[in-house]
1. Mind checking the mean number of beta-carbon atoms from other chains within 10 Å of the Cβ atoms in B:62-70?
2. Given the Cα atoms of the range A:146-246, and with Rh set as the inverse mean 1/r over their pairs in the Kirkwood sense, what is Rg to Rh to two decimals?
3. Determine the shape class of the range A:129-177: with a ≥ b ≥ c the square roots of the Cα gyration tensor eigenvalues, call it rounded for a/c under 1.5, and otherwise prolate if a/b is greater than b/c, oblate otherwise.
4. Assuming R0 = 45 Å, what is the FRET efficiency of residue A:178 and residue A:238, from their Cβ-Cβ distance, to the nearest 0.05?
5. How far apart, in nm, are two points set 7 Å out from the Cα along the Cα-to-Cβ line at residue A:205 and at residue A:259?
6. Which shape class, rounded, prolate or oblate, goes with the range A:1-135 when its Cα gyration tensor gives a ≥ b ≥ c as root eigenvalues, a/c under 1.5 marks rounded, and past that a/b bigger than b/c marks prolate?
7. So, by mean Cβ neighbours within 10 angstrom, what's the order for A:279-286, A:36-43, A:310-317 with the highest one leading?
8. When only C-alpha pairs under 8 Å and at least 6 residues apart count, what is the relative contact order of the range A:136-219, in percent?
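Just so you know, all these numbers are worked out from the coordinates, no wet-lab data involved. If you're wondering where the values come from, they're calculated on a predicted model, not measured in any experiment. Please note: Cβ atoms are built from the backbone with ideal geometry, for glycine as well, and neighbour counts cover all protein chains shown.
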């Protein structure tokens, strides 16, 4: 009987099961995940809530077996209709300082619920020290503050996320933290204890210490299977690993050969659709222009495209003179990226422009009276 | 029951408008879309995932993408095309009668 064994029930793994079901896959579908019922990860740092993709009954209704287990070894499929798909995601990077074990991470629903419990414990607001001001660190700082904590955010950069948002946007957003009552320190901790962190020689007491200094691909199983790993499990355009054509890798754990690793939620879902096409045959949608969002301090932040290709930045300000959209153009003057605060339809407009290779004039990009629809509906004539 | 939304030529292709329940007497807010196939469609306005107005969404072909998390829905059937939403949107009939959009509520 044909079978697909999906290791990991994050957005990539679960979406693959869903794609196979919706395409009428005639075989066994199994998801293995030690965390059980698949849930969506983005809400963890935004609201500390676990949001399941589907109710538990979905799996039985659609003939998908969900096994709560850590997979440490697997047999390489021997028949052409047996597939293994590694959707193992990432693990948080660990701080390399004395006492690092005292820092918690915010990566799983269990992490989020433990943090939520501690935050609710303090009658007058807990003290929290968050190390790292990237997406997760900044979002958790905002959430903890909203829940009444006294928050110190420690970053070794004055503009974290510059590479993905553009320096001007990253600087503007980082400055928002102190405006919302968060103490922002630049530097790195030199020591952690059970209830304190030492930053720049200063000891900061805190009931909650969180390290949010980034993640790395989870490749333990891939290593055990002898797969090629180099900043992710190496796969081809069909997401087949280089050693075994019946073993695929998708989502944050995988990297397409000669490409940089795509690490966003939407890209993980697109991987799932491509993997489904590899398994069942048929045309797969190609990866679209990368997009991600982040929520903090009541602002909805989005980024589209790839700022690493940008040689020139164009700013669009709102009526109050604040940065609203930052566009990135490459050295040929072509639109390649944008980041925005409460941009509404702007992200979709830019996505479409980049996909179609059309760049509006600098004046149009700057002019806030040219709305997303007018901007995005332009075509090469 | 039918509700007159307004002149069809005031809603350009690729645009949407919100018909509030308080104006129309319908049981919920409804978004009316002018899709890129030239036709008009209507769906419940609130995204089935979280609080967001689909009338603020981006129309691509015959789909609308939610402005917050990009769940997309087929304007013709209300079927969800892309997560995070997993529940289909309710559809409403909309017709052009003597140049006016009429919504069947």
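1. Mean number of neighbouring Cβ atoms from other chains: 4.
2. With Rh from the inverse mean 1/r over Cα pairs, Rg/Rh is 1.15.
3. prolate
4. About 0.45, to the nearest 0.05.
5. 5.1 nm
6. In terms of gyration-tensor shape, prolate.
7. Listed from highest to lowest mean packing, they are A:36-43, A:310-317, A:279-286.
8. Once divided by the residue count of the range A:136-219, the mean separation gives 24 percent.
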